[in-house]
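FYI, it's all coordinate maths here, none of it is from the lab. Here the structure is a predicted model, which is why all the values come from computation and not from measurement. Because the Cβ atoms are built from the backbone with ideal geometry, glycine has one as well, and the counts that use them run over all protein chains shown.
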Amino acid sequence: MNQTVYEHRLEEDYNAYSPAVYRLAMVYLGRYADAEDITQEVFLRLLCRAPTFADENHRRRWLLQVTANLCRDQLRGFWRKRVTELEDTIPAAAPEEQEALASVMSLPEQYRLPIHLHYYEGYSVAEIAEILKLGPSAVKMRLKRGRELLKLELEGSH
């Protein structure tokens with residue numbers, strides 16, 4: 001592929017997939033700046049590595065898997081433990097979605113990520129297992145427990 005065609009493809013990928021990459025990074029990290037950094041890093045890796053994909057679904061899964069890996073690395077990082085929290089907001093959503101989104105964001109990470117990937121990104125249990133490097137039964141259990149926690153929280157807030 002010549003450089004112009006490749007740059008055009010990268011731009012198409014960024015326009016198509018950056019919202020999903022950003023949302024997953026935001027769910028993982030909870031900070032706008034961190035999610036933006038991860039989004040840039042994911043597309044930089046796509047540019048540098050130029051992997052071959054079987055189809056668009058494979059491309060999207062690869063991007064989200066790289067996002068999840070980078071977020072996990074950042075959460076384990078030395079500097080992450082020494083950062084002072086400045087913002088405690090979540091991305092803007094429609095008013096009717098804000099309560100549910102706030103509840104999802106308040107879940108422990110192990111439940112928040114599968115819930116987000118399943119309900120917001122539309123992935124199956126098998127796909128979530130691949131992205132998060134878990135077994136399908138672990139994903140099913142996390143979805144079940146996450147839904148139970150969400151139900152308790154949403155019922156308790158009314």
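In debye, nearest 20, what is the charge dipole magnitude of segment 92-158 about its Cα centre with +1 on Lys and Arg Cβ and -1 on Asp and Glu Cβ, if you could check? Numbers along the way, then the final one.
Values: 8 positive and 10 negative charges, 79 e Å.
My answer is approximately 380 debye.
Using a Förster distance of 25 Å, how high is the FRET efficiency between R72 and N15, based on the Cβ-Cβ distance and rounded to 0.05? Mind showing how you got there, number by number?
Numbers: r = 26 Å, r/R0 = 1.04.
Step by step, r from the Cβ atoms, then E = 0.45.
What length, rounded to one decimal in nm, is gained on full extension from Y32 through to L154, with 0.36 nm per residue of separation minus their alpha-carbon distance? Walk me through the numbers before you get to the answer.
Working: separation 122, 0.36 × 122 = 43.92 nm, distance 2.50 nm.
Full-extension gain reported as 41.4 nm.
So, counting K/R as plus one and D/E as minus one, what does the shell of residues with Cβ under 15 Å around A126 add up to? Each step should come with its number before you reach the end.
On the way: positive: R60, R61, K133, K140, R142; negative: E121, E127, E130.
It works out to a net charge of +2.
I'd like to know which of H116, S137, A100 lies farthest towards the positive end of the charge dipole of segment 92-158, counting +1 on Cβ of Lys and Arg and -1 on Cβ of Asp and Glu.
Value: S137.
What list of ³J(HN,Hα) couplings, whole Hz, do you get for segment 11-16 from phi and the Karplus terms 6.51, -1.76, 1.60, once you set θ to phi - 60° and write x for glycine and proline?
5, 4, 4, 4, 5, 7
Just to be sure I understand the model, the point goes 7 Å from the Cα along the line to the Cβ. What's the resulting E56 to R145 distance in nm?
The two pseudo-label positions are separated by 3.6 nm.
For E7 and S124, what does the FRET efficiency come to when R0 = 25 Å and r is the distance between their Cβ atoms, rounded to the nearest 0.05?
E(calc), rounded to 0.05, equals 0.15.
In sequence order, what are the phi-derived ³J(HN,Hα) couplings for segment 107-118 according to the Karplus relation 6.51 cos²θ - 1.76 cosθ + 1.60 with θ = phi - 60°, rounded to whole Hz, with x for glycine and proline?
Values, residue by residue: 5, x, 3, 4, 9, 4, 5, x, 4, 4, 4, 6 Hz.
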